[in-house]
1. Filtering the stretch 153-175 down to residues that are farther than 18 Å from Leu114 by Cα and at pLDDT 85 or above, which residue is surrounded by the fewest Cβ atoms within 10 Å (Cβ to Cβ)?
2. Would you mention how many residues in the stretch 110-132 are touching a residue at least 40 places away in the same chain (Cβ under 8 Å) and touching a strand residue (DSSP E or B) at 6+ places or on another chain (Cβ under 7 Å)?
3. Consider Thr150 carefully, then state whether it is among the hydroxyl-bearing types (Ser, Thr, Tyr), farther than 16 Å from Ile92 by Cβ and at pLDDT 85 or above.
4. Residue check, Trp25 against (1) within 30 Å of the chain's Cα centre (by Cα); (2) modelled with pLDDT of 75 or more, all met but one. Which one?
5. Which residue is nearest to Gly140 (Cα to Cα), if the candidates are limited to the stretch 93-109 and must be in contact (Cβ under 8 Å) with a residue 24 or more places away in the chain and among the acidic types (Asp, Glu)?
6. If only one of Ile72, Ile133 is in the same structural domain as Trp25 (by TED's automatic domain parsing), surrounded by 11 or more Cβ atoms within 10 Å (Cβ to Cβ), within 25 Å of the chain's Cα centre (by Cα) and among the β-branched types (Val, Ile, Thr), which one is it?
Amino acid sequence: MIKGITFANPHLLYLLLLIPVLVAWYFYRLKKNNADLQISSTEGFDVGVKSIRLYLYHGLYILRLLALILIILALARPQTSLSRQDISIEGIDIVLAMDVSGSMLARDFNPDRLEASKEVAMEFIDGRPNDRIGLVIFSGETFTQCPLTTDHSVLKGLFKDIKSGMMKTEQQSAMDLLPQ
């Protein structure tokens, strides 16, 4: 067997022994289908170049055999077995809340409050590898940007996409509809 692969139904692999039988039957049938002529010379029948149709005809049978082999292997249900190790890790659930209102655009931090808080949050996430962390953004209303997850790369990607004003409050939306 191939290293690391086991079969759930290894007894079905015995069906692969049918393949040589099918190949022998194909050649036997092919020989029986050709007519026999008893003449002294076959010079007049020698074409020299075989037609591509002949190769395609045999190729079709080869593809059928290949499909049969793959079906037999699929029925045997190959499975990989990775060594599994249970590790007990203590972690806590943390939800970070991020303000995305216009006040976060103040330039009292470099370049602004929002970017500075995103950088601090990224460093915080990097320092907490065993914790589940979620993200809630707010600006008048709250929105769960990311539920609790241990996939910190996804969380960091969502942090990078945060922009000020990405949430319009109902009041802002209503103000946008009023004529100026």
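The values are calculated or read from the model by the stated rules, or taken from the named source; none is laboratory data. Everything quoted here is computed from the prediction, not taken from an experiment. Note that each Cβ is placed from the backbone with ideal geometry, even for glycine, and that neighbours are counted across all protein chains shown.
1. First, pick out the residues of the stretch 153-175 that are farther than 18 Å from Leu114 by Cα: 153-154, 169-175.
Next cut, at pLDDT 85 or above only: 153-154.
Values: Ser153: 9, Val154: 12.
Looking at residues that are farther than 18 Å from Leu114 by Cα and at pLDDT 85 or above, I get Ser153.
2. Final tally of qualifying residues: 2.
3. no
4. (1)
5. Asp99
6. Residue meeting the stated conditions: Ile72.
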